[in-house]
Amino acid sequence: MNALSLDEQSFEKERQHGRSASRNSDRREVFEALKECYDPEIPVNLVDLGLIYDVKIIDDWVGVKMTLTTPGCGMSGMISQNVRNRVLKVPV
């Protein structure tokens, strides 16, 4: 994988290229990997908290649509970096 984008514009790539991102087994692997990412203030992973909305995979690109527990979360940089680092370890 070469990149991870955390905003909604990431999903434009799929629409522009007209490719399917329905590689379900790879998506499941990414979701499972994201279960190792936690909000540092809550001992529950981001997936179980419902903060991960979607994962799109196009070739070696992965986009994660997510949110944080609060809009002004002071840990947003750390959380998004943890998500990025964990997704980059998944062999998609």
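General observations
- Tabulated pairs, the stretch 70-92, first within 21 Å of Val55 (Cβ to Cβ), second among the small types (Gly, Ala, Ser), C-beta under 7 angstrom, 6+ apart or interchain: Arg86/Ala33; Val87/Ala33; Lys89/Ala33; Val90/Ala33
Let's see how each residue does on (1) surrounded by 15 or more Cβ atoms within 10 Å (Cβ to Cβ); (2) modelled with pLDDT under 95:
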| site | (1), (2) |
| --- | --- |
| Asn2 | no, yes |
| Ser5 | yes, yes |
| Gln16 | no, yes |
| Arg19 | no, yes |
| Ala33 | yes, no |
| Glu36 | no, no |
| Val47 | yes, no |
| Gly77 | no, yes |
| Val90 | yes, yes |
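- The stretch 51-75, subset touching an Asp or Glu at 6+ places or on another chain (Cβ under 6 Å) and surrounded by 17 or more Cβ atoms within 10 Å (Cβ to Cβ), residue farthest from Pro40 (Cα to Cα): Ile58
The values are calculated or read from the model by the stated rules, or taken from the named source; none is laboratory data. Since the model is a prediction, treat every value here as computed from it, not as a measurement. Because the Cβ atoms are built from the backbone with ideal geometry, glycine has one as well, and the counts that use them run over all protein chains shown.
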